[in-house]
1. Expected output is a single nm value to one decimal: the length gained when fully extending between Val16 and Phe68, i.e. 0.36 nm times separation in residues minus the C-alpha distance. What is it?
2. Sorted by packing (mean other beta-carbon atoms within 10 Å per residue), highest first, where do 107-116, 7-16 land?
3. Just want the ordering: Phe101, Phe77, from fewest to most Cβ atoms lying within 10 Å of their own Cβ.
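What follows draws every value from the coordinates through simple rules; no lab data is involved. In this text, all values refer to a predicted model and were calculated from it rather than measured experimentally. Reconstructed Cβ throughout: ideal geometry from the backbone, glycine too, with neighbour counts over all protein chains shown.
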Amino acid sequence: MDLYAPMIGLIILGAVFAVFSVVVSTVIGPKRYNRARLDSYECGIEPTPQPVGGGRIPIKYYLTAMTFIIFDIEIIFLYPWAVRFDHLGVFGFVAMVTFLFLITVPFVYEWRRGGLEWD
């Protein structure tokens, strides 16, 4: 347990600092609310009115976001595999080829369906 004491202490210190910062900023911070401050901000342009029901957002935004997340996860798994490649042997190689195949199939599907084209 002695080995974990510094790490536990650092986690507790970080949590106390985070809670303290939020509480102090709400107590001490200015409370000047006006129409401009409460209005949504769209790059200096007057906000456009929202249609009834919230409107529709094109699915391409979600597809792009999901593709970004998938490639982030892929890199997170590929880096440690590449570092320890010589120790993993054939099993590690087959596991990574399977993983890359499972990542590539939906990407190719999305690409073929035109999900990456911006009109």
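1. Working: separation 52, 0.36 × 52 = 18.72 nm, distance 3.35 nm.
Length gained between Val16 and Phe68: 15.4 nm.
2. Ranking the peptides 107-116, 7-16 by packing returns 107-116, 7-16.
3. Phe101, Phe77
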